[in-house]
Structure formats: C-alpha cells, structure tokens
1. Taking amide H atoms as placed 1.01 Å from N in the peptide plane, list the residues 5 or more away in sequence, or in a different chain, whose amide H sits under 5 Å from that of MET54.
2. Could you calculate the FRET efficiency of ILE51 with LEU182 from 1/(1 + (r/R0)^6), where r is the beta carbon distance between them and R0 is 22 Å, rounded to 0.05?
3. Count the net charge of all other residues whose Cβ sits under 15 Å from the Cβ of GLY114, scoring Lys and Arg as +1 and Asp and Glu as -1.
4. How would you order 114-127, 14-27 from highest to lowest mean count of nearby Cβ atoms within 10 Å?
5. Set the Förster distance to 22 Å, then compute FRET efficiency between TRP89 and THR243 from the Cβ-Cβ distance, nearest 0.05.
6. Taking Cα centroids, how far is region 48-99 from region 221-240 in Å?
7. Using the basic label-point model (7 angstrom from Cα toward the beta carbon), what is the LEU194 to ALA99 distance in nanometres?
8. I want to check the label-to-label distance for SER172 and HIS138. Put each point 7 Å from Cα in the C-beta direction and report it in nm to one decimal.
Amino acid sequence: MSSARNMIALKSILHKEVHRFMRIWVQTLVPPAITISLYFVIFGSLIGARIGTMDGFDYMSFIVPGLIMMSVITNSYSNVASSFFSAKWQRNVEEMLVAPVPNWVIVAGYVGGGMTRGILVGCIVTFISLFFTDIQVHNAWVIIVTVALTSATFALGGLINAIFAGSFDDISIIPTFVLTPLTYLGGVFYSISLLPEFWQGVSKVNPIVYMVNAFRYGFIGVSDVDLTVAFAVLGVFIVSLFTIAMMLITKGIGLRS
C-alpha cells in the first residue's frame, strides 16, 4: 500500500515538473536551441574551418558531443533550481514535507523533472547538429548512460542550490561563477591533451572533463580520460549529492521557517 502511494506521489511530482517547463516551452526549450546553434555557426563553421582537425576528427564533429552535454548540464541544473526554489518561496514544499511520503520521493520527483528537460534539450540540440555535421555513434550505451548520469548529477546540484538559496538572485550565483567556468574549461572546445602536463593535471580535477569525454567517446570513440574513471566520478557525485540533498530535506535546512 505504501509503495503504491509513493509511486502515485512520485508520478504526481514528475508530471507537475514536466508540465511546468512544457507549458512555457518557448522560454525553456527554444532559447537553448538558439544558443547552441550560434555555437555551431561561430565555433564550428567559421572558426572550425581554420582550426582543421582535433584528435583526427574535423573540429565540428569533435565539439558536437561537448555542446550537447553543455546544454544537458545547464538545463538539468536550472530546471530544478528554479522550480524547487519557487515551491519553497510559495511554501508548497512545506505541504510536501508533512505529506505521508518519504523524502526520497520528493528528491526523485524534482530530479526526474530536471533530467527530462535536460535530456529533451539534448535531443533537440542533437537534431540541430545534423544540419551542420554528420553524427556518428561509436557506442550508444555509453551515450545513454553518460547523459542519464550527468543530468541526474546536475539536477541534484540544482536542488541543493535551491535549498540553500535565500532569494531568486542566489540561484544564479553557482551557474554564473562555478558552473559556467567549469563547463568552458571542461574540454568542450578542445582536447586537454593539447595543454602542458601541469594544466592537464589541473583539468582532471574538473568533474565536467570526465562527463564531456565519456560522452564524446560514445560518439567518436576518443577520450582524454579513462572511461572507467569517468563513470566512477559520476557515481561518486550522484551518491554524494543525493545523500546531501536527503540530509538537508530531512533536517529541514533552508526549508522550515
């Protein structure tokens, strides 16, 4: 009985989250597609023609997986951060906390909504990339597993950001000063093998390097990091962030006034 009740609650939260961003799809799905299209035109078609090849592939084919992953990361994160903070600001979260459902259902519902938006935007960007280059698939399972784990990781990160945020302005601090620099320095536009040895070591501290390279391996079979290490990093981050999110919600930190 309780498992059926939990499943109904999970489906309800997930449906609410998906309906929320689909209702305003012009604001949630179209802008990322336009932004990434500009990256394709500027970095791929214009600059890429001058760069030539990267790791034996033309520059456009090399950066496409990174750009797809970048859109998945930003949208998974921002969807949960904005949605959960809005629920907290409107005091809807308090109603969920007193409902007879475990906290993991709340976390899973919001994270599922963020993953859905991130993966949907990733699919849209992938479709757009077909107008600029031929997409090849080296290992479909690596692509699927990497995008699922990455979107879950950043959806959890967005949830934690929303829990600690005291105002709508606080939601933009982490994406602006942490997420964006890490993404641009995560090997989206270049191979870290081009860097001096010291900076290669520094780059490997950036978790996004592992996500982008694992995803790139799924498409073109090339990666600057070991695939096993990449999945291990993703696993550690998901377990750690889920544990933190559960602890914060259970203790009501940033939620109860």
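Read the figures in this text as sums done on the coordinates, not as results from a lab. All figures in this text were calculated on a predicted structure; none of them were measured in a lab. Here the Cβ is made from the backbone with ideal geometry for all residues, glycine too, and neighbour counts use every protein chain on show.
1. TYR59
2. 0.45
3. +2
4. 114-127, 14-27
5. The pair TRP89/THR243 has a calculated efficiency of 0.30.
6. Taking the Cα centre of each part, region 48-99 and region 221-240 sit 18 Å apart.
7. About 4.9 nm separates the two model spin labels.
8. 3.8
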